[in-house]
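Please read the structure below before turning to the comments.
The values are calculated or read from the model by the stated rules, or taken from the named source; none is laboratory data. All values derive from a computational prediction rather than experimental measurement. Positions of Cβ are generated from backbone atoms using ideal geometry, with glycine treated the same way; all protein chains shown enter the neighbour counts. Note: areas computed on protein heavy atoms with side chains; ligands, DNA, RNA excluded. Shrake-Rupley method; radii C 1.70, N 1.55, O 1.52, S 1.80 Å.
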Amino acid sequence: MWKTCIEYGMLSAEVNDMANVLELDLENEEQLCKLGAAFSSPARIQILKLLYFNSYNVIEIAEKLQIPPSSAALYVRSLEEAGLINTRVQRGSRGSMKICSRKNDSIHIDLTATDPNVSKVSSISMPVGCYSDCRVSPTCGIASERGQIGHEDRPDSFYLPERTQAQILWTSSGYVEYKFPYQLKGHVKLKRIILAFEACSEASNYKEDWPSDISIIIDGLDCGTWRSPGDHGSRRGRLNPEWWPNGSTQYGELVTLEISEKGCMINSKNSSSVTVNDFSFSAERPITVWIGNKPDAQYIGGLNLFGRRYGDVEQDITFSFVY
């Protein structure tokens, strides 16, 4: 009986996580006024009840509520403007009709003020194996915490489905590209963007003196280049699994790109004149992050990227937005 209760509790939590929530605060003045107008009519509330389980067109809504179609159309327009329902036009045998459906499950209105002097941070952690594109060349490979994925020095291994489990990847040249979602809602004034990952050069086995110019490009904008001093393998990485062999790459260095209104800095050194204002992020499209050797780099010394189970730093690729 106790187990059953726990299972029901977990199911309830999962359902709540799937709910669509309309989040507003006092800065959303216009939408709050539209919400107030939408809820001021019992007929509009009845339409919301009607749409909770099914979708209907305007004529069907009018019939079920026994109101004129013209009134139903006005009520639907008000609910749509308030962001409470979705509508789409569907062609029928007698012209087109507007199909209405539920958009949100609940509304959360934050009545507290936001202190402009206190910054908020939203972060996304991306496993190194979740790249969307790559170009690699031997020596190259990917490995999970449990073992090699595919075959070493085979670029086709980078396209195996198991690549998403990778905790380390390496290539003697080329790049990997990631796509991050932009999940900040509404108009947000970004103060800083911070990208952090553990990396080093890539040589056969390892070579401490093996420089590599590793560049970072975000949404097509060159944010600078970090020169890795070498491929580190003279001691074991503190997080490496037991099966990982000695005599190969062991750990990297934490690379931190910070983009502000003044420009870009990599590990506290100026790297580019690109500013946070040069980006136009949107929830409609992903943010592209390119990491690798440019074809014209002075030192094309390859790249090792470490996930949270390899190297010295217990983290994946982390992308943070300060606002």
Percent RCO, i.e. relative contact order, over the chain, from Cα pairs under 8 Å lying at least 6 residues apart: 19 percent
With r defined as the distance between the Cβ atoms of Ser273 and Asp25 and R0 fixed at 51 Å, what FRET efficiency is calculated, to the nearest 0.05? 0.90
Hey, what do the phi angles of region 284-297 turn into as Karplus ³J(HN,Hα) couplings, whole Hz, using 6.51/-1.76/1.60 and θ = phi - 60°, x for Gly and Pro? 6, 8, x, 8, 9, 10, 10, 10, x, 8, 5, x, 9, 5
If you find the alpha carbon centre of region 281-296 and of region 20-94, how far apart are they in angstrom? 40 Å
Förster radius 56 Å - calculated FRET efficiency between Lys179 and Ala43, Cβ distance, rounded to 0.05: 0.80
Residue-wise, which Karplus ³J(HN,Hα) couplings in Hz belong to region 188-201, taking 6.51 cos²θ - 1.76 cosθ + 1.60, θ = phi - 60°, and x for glycine or proline? 10, 8, 6, 9, 8, 10, 10, 10, 9, 7, 9, 8, 7, 6
If one compares the long axis through the Cα atoms of helix 69-81 with the longest principal axis of the Cα atoms of the chain, the angle in degrees, nearest 10, works out at 30 degrees
Solvent-accessible ranking of Phe279, Phe321, largest area first, probe 1.4 Å: Phe279, Phe321
Which lysines, if any, have their Cα less than 18 Å from the Cα of Lys191, not counting same-chain residues under 8 positions apart? Lys120, Lys262
Solvent-accessible ranking of Val313, Val289, largest area first, probe 1.4 Å: Val313, Val289
Amide H contacts under 5 Å for Ser272, restricted to residues at least 5 apart in sequence or on another chain and with H modeled in the peptide plane, are Cys264
So Arg227 and Val89, fully extended at 0.36 nm per residue minus their Cα-Cα distance, gain in nm 44.2 nm
In nm, the gap between the two label points placed 7 Å beyond Cα toward Cβ at Ser280 and Tyr299 is 3.8 nm
Full-extension gain between Arg154 and Trp243, please, as 0.36 nm times their residue separation minus the C-alpha to C-alpha distance. 30.0 nm
The chain: antiparallel DSSP beta bridges as a percent of all, rounded to 5: 95 percent
Site Ser96, offset 7 angstrom along Cα→Cβ, radius 18 Å on amide nitrogen, limited to region 35-79, gives 56-60, 73-74, 76-78
How far is helix 29-38 tilted off the main Cα axis of the chain, in degrees rounded to 10, range 0 to 90? 40 degrees
If you take the beta carbon distance between Gln66 and His187 as r and set R0 to 51 Å, what does 1/(1 + (r/R0)^6) give as a FRET efficiency, to the nearest 0.05? 0.75
Along region 122-137, Karplus-curve 3J(HN,Hα) (6.51, -1.76, 1.60; θ = phi - 60°) to the nearest Hz, with x for Gly and Pro, reads 10, 10, 10, 9, 10, x, 5, x, 8, 6, 9, 7, 7, 9, 10, 8
